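The values are calculated or read from the model by the stated rules, or taken from the named source; none is laboratory data. Here the structure is a predicted model, which is why all the values come from computation and not from measurement. In this analysis, Cβ positions are derived from the backbone assuming ideal geometry, glycine residues included, and neighbour counts consider all displayed protein chains. For the accessible areas, the whole protein counts, side chains as well, though only heavy atoms, and no ligand, DNA or RNA atoms are used. Shrake-Rupley method; radii C 1.70, N 1.55, O 1.52, S 1.80 Å.
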Amino acid sequence: KKIIIIEGLHVLCNEKINKLLDLKIFLDVDNKTRLERRVNRDVKERGRSVDEINKRYKEMCEPMYDEFILPSKNHADIVLSSDKNSIKKIIDLISKKIK
């Protein structure tokens with residue numbers, strides 16, 4: 001059996017893709033961590049200021065996450081938090097599923 005791993009923010013938002021997937025995992029990351037990751041990326045890679053990132057996050061990113069991404073969590077077979085214990089458990093689970 002071939003294994004294809006699809007990763008992306010909007011993957012579970014698409015019903016056609018959901019129907020094709022055998023195992024759907026949603027990484028549930030808290031708001032603070034999502035913002036920290038965005039700040040780290042946007043300062044380094046996009047040259048944005050922290051103030052600009054915070055403003056954009058509050059006005060655009062957070063509302064769009066709440067409207068589109070968070071509801072896609074309902075399509076997941078597994079909801080994974082970003083703590084290290086959960087990640088180890090999910091790796092074990094995925095390994096067993098693949099085998």
Next on the checklist: Here is a list: Ser95, Ser86, Ser82. Which entry is at pLDDT below 90 and in contact with an Asp or Glu (Cβ under 8 Å, 6 or more places away or on another chain)?
Outcome noted: Ser82
Checklist entry - How many residues does region 83-99 contain that are over 18 Å from Ile6 (Cα atoms) and open to solvent by less than 40 Å² (accessible area, probe 1.4 Å)? => result 1
Next on the checklist: Out of Ile53, Ile5, I need the residue that is open to solvent by 50 Å² or more (accessible area, probe 1.4 Å), free of Cβ contacts under 8 Å to residues at least 60 places away in the same chain and β-branched (Val, Ile, Thr). Which one?
Outcome noted: Ile5
